[in-house]
Amino acid sequence: MIRPQFFYDTLASYDIDFYAGVPDSLLKNLCAYITDHADTSHNIIAANEGAAVGLAAGHYLATGQPACIYMQNSGEGNIINPLASLTDQEVYNIPVLLLIGWRGRPGVHDEPQHVKQGKVTTGLLNVMGVNYEVLSKEEDKAAKQIEKVAKALANKEVFALVIEKDTFEDYKLQNVEVNDLTMSREEAIQTVAAALGEKDCIVSTTGMISRELFEYRAAMNQGHERDFLTVGSMGHASQIALGIALAQPKRRVWCFDGDGAAIMHMGSMAIVANKAPNNYIHVVFNNGAHDSVGGQPTVGLKIDLPAVAKAVGYKAEYSVETKEYLTGLLDKVKIQEGPVLLEVKVKKGNRKDLGRPTTTPIQNKEALMQFLKK
């Protein structure tokens with residue numbers, strides 16, 4: 001395997017020292033090293049992958065030096081437009097290095113949401129005219145690949161290094177941002193889920209939130225038919241919930257969102273507010289971290305999400321950080337005219353034995369649709 005320090009230093013030897021992107025579990029060791037060794041003006045965890053391309057373009061315009069963008073392959077969709085209409089050689093001709101974690105690589109077992117993306121990862125790069133190589137796990141070979149990358153960037157090309165599982169050696173983040181919050185996200189999810197009415201349904205975002213909701217239902221011997229577990233499509237749970245809420249105005253719909261997901265497509269909050277569904281409750285479990293891909297920080301705890309919701313037109317906004325306050329507030333929230341934004345501030349982390357949904361996405365979808373007919 002490759003030492004994160006080796007990779008970081010080798011890129012630096014070619015004057016590549018600006019990073020932006022969205023963390024990925026296959027890149028978590030490298031991302032942790034970058035976080036510890038690059039200052040905050042040279043490592044920006046972006047709202048989404050397309051925004052990271054914009055950051056890379058701005059850095060190049062100001063310095064003449066190409067930037068490195070890191071992402072999971074699920075983020076390729078977010079970069080297609082800026083790659084085609086901004087960095088492309090027939091437009092502004094701006095060089096960029098892409099580091100893409102290859103989840104769902106054919107022949108390697110992975111979760112359902114990664115299978116299709118894994119199959120099309122390299123095909124999308126081919127369609128976009130982006131040259132790529134799968135990064136070697138041997139440092140001498142990787143060094144030669146990076147030399148090739150440097151030449152491509154000097155020629156003002158976009159070049160991708162596709163990263164397989166177990167490419168980077170372990171590295172633990174040293175500069176960990178610790179909050180003093182006491183409520184766990186799982187405890188908060190259980191508290192909110194327990195307060196729902198019989199006809200209420202939940203759309204939960206990707207990552208730990210859907211996993212913890214699934215395990216809560218199992219622990220309570222409940223079915224999963226009331227919950228749509230959005231195992232992929234990060235940042236879009238709020239719009240799935242909006243679609244249901246508008247189609248079934250007599251049913252209260254809860255969106256269980258995360259801070260990273262809400263920030264990724266924050267403009268969606270404005271659409272929720274504009275459509276003004278009075279049966280919509282948007283719960284953002286905010287721990288200031290991309291928890292499911294290594295705990296890299298977000299700006300979630302540094303911004304005022306209720307103020308954002310108020311500014312775009314939500315009918316009511318709340319923020320809580322203790323179970324006692326949350327429990328007391330839920331009775332009010334349940335009968336409030338929506339859309340309502342409920343920010344629940346929680347501590348980082350999850351229990352180590354947290355499982356994954358045992359139902360398939362299609363089974364989940366069909367069970368929910370049957371429930372919504374009632």
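Checked against a 20 Å cut-off, the cross-linked pairs Lys28/Lys137; Lys310/Lys334; Lys119/Lys172; Lys199/Lys323 give Cα-Cα distances beyond that limit for Lys119/Lys172; Lys199/Lys323.
When you filter the trypsin sites (Lys or Arg not before Pro) in the range 233-291 for DSSP loop state and at most 11 other Cβ atoms inside 10 Å of their Cβ, you are left with Lys250. Segment Ser85..Arg251, full-extension length gain: 55.6 nm, with 0.36 nm per residue of separation and the alpha-carbon distance subtracted. Accessible area per residue for the chain, computed on protein heavy atoms with a 1.4 Å probe, is 44 Å².
Take His37: with every protein chain present and a 1.4 Å probe, its accessible area is about 90 Å².
Electrostatic tally near His37: other residues with Cβ closer than 11 Å to its Cβ, Lys and Arg +1, Asp and Glu -1, net -4. Quick one: grab the alpha carbon gyration tensor of the range 3-140, order the square roots of its eigenvalues as a ≥ b ≥ c, and give me rounded if a/c is under 1.5, else prolate or oblate depending on whether a/b is larger than b/c. It is oblate, given that a/c is not under 1.5 and a/b is not larger than b/c.
Spin-label model, Asp15 to Thr182: label points 7 Å out along the Cα-to-beta-carbon direction sit 5.4 nm apart. Restricting the trypsin sites (Lys or Arg not before Pro) of the range 292-369 to loop positions (DSSP other than H, G, I, E, B) with no more than 11 neighbouring Cβ atoms within 10 Å leaves Arg351, Lys352.
Listed by chain and number, the aspartates and glutamates whose alpha-carbon sits under 12 Å from that of Lys332, ignoring those within fewer than 8 places in the same chain, are Glu317. Distance from the C-alpha centroid of the range 211-252 to that of the range 27-102: 32 Å, rounded to the whole angstrom. Which residues among the range 195-209 fall inside the zone where the amide N is under 14 Å from a point 7 Å beyond the Cα of Gln363, along Cα→Cβ? Backbone N within reach: none found. When only Cα pairs below 8 angstrom with a gap of at least 6 residues are kept, the range 171-320 shows a relative contact order of 21 percent. Here is the list for the range 168-204: trypsin sites (Lys or Arg not before Pro) lying in DSSP coil, each with at most 16 other C-beta atoms within 10 angstrom of its C-beta, are Lys172, Lys199. When a/c is below 1.5 the answer is rounded, else prolate if a/b is larger than b/c, else oblate, so apply that to the range 139-183 with a ≥ b ≥ c taken from the square roots of the Cα gyration tensor eigenvalues. Prolate, since a/c reaches 1.5 and a/b exceeds b/c. Full extension of the segment from Gln239 to Ala62, taken as 0.36 nm per residue of separation minus the current Cα-Cα distance, would add 60.1 nm. Taking a point 7 Å from the Cα of Glu337 along the Cα-to-Cβ direction, the residues of the range 258-293 with backbone N closer than 18 Å to it are 272-282. Of Arg217, Arg356, Arg211, the order by accessible heavy-atom surface (1.4 Å probe, DNA, RNA and ligands excluded), from most exposed downward, is Arg356, Arg211, Arg217. If you take all other residues with their beta carbon under 14 Å from the beta carbon of Ala52, and give Lys and Arg +1 and Asp and Glu -1, the sum is -3. For the chain, pairs of C-alpha atoms spaced more than 32 angstrom apart make up 35 percent of the total. Within the chain, the longest segment free of exposed loop sites, counting GluC sites (Glu not before Pro) that fall outside DSSP classes H, G, I, E and B and have at most 13 other Cβ atoms within 10 Å, spans 199-336. Per-residue ellipticity at 222 nm computed for the chain from its helices equals -12500 deg cm²/dmol, with DSSP H segments shorter than 4 residues left out and the rest contributing -39,500 (n - 2.57). Quick one: grab the alpha carbon gyration tensor of the range 188-262, order the square roots of its eigenvalues as a ≥ b ≥ c, and give me rounded if a/c is under 1.5, else prolate or oblate depending on whether a/b is larger than b/c. Note, shape of the range 188-262 comes out oblate. Which residues does the label zone of His109 cover in the range 339-374, counting backbone N under 16 Å from a point 7 Å along Cα→Cβ? Under 16 Å, as judged by backbone N against the label point of His109, lie 355-360 of the range 339-374. The DSSP beta bridges internal to the chain are antiparallel in roughly 5% of cases. Relative contact order of the chain: 16 percent, from C-alpha pairs under 8 Å at least 6 residues apart in sequence.
Per-residue SASA remark: Tyr92, around 150 Å² accessible (1.4 Å probe; ligands, DNA and RNA not included). The length gained on full extension between Ala195 and Ile271, counted as 0.36 nm times the residue separation minus their Cα-Cα distance, comes to 24.7 nm. Only alpha carbons enter this Debye calculation for the range 108-191, each as an equal point scatterer, and the log10 of I(q)/I(0) it gives at q = 0.14, 0.16, 0.18 Å⁻¹ is -0.77, -0.88, -0.96.
Taking the DSSP bridge list for the range 243-303 and keeping only pairs wholly inside it, about 25 percent are antiparallel. In the calculated pair-distance distribution of the range 269-374, the portion above 22 angstrom amounts to 50 percent of the Cα-Cα pairs.
In terms of accessible area, using a 1.4 Å probe and ignoring ligands and nucleic acids, Trp254, Trp102 rank largest first as Trp102, Trp254.
The values are calculated or read from the model by the stated rules, or taken from the named source; none is laboratory data. Just so you know, these numbers come straight off a predicted model, no measurement behind them. Quick reminder, even Gly has a Cβ in these numbers, built from the backbone with ideal geometry, and neighbours come from all protein chains shown. All accessible areas refer to the heavy atoms of the entire protein, side chains included, with ligands and DNA or RNA removed. Shrake-Rupley method; radii C 1.70, N 1.55, O 1.52, S 1.80 Å.
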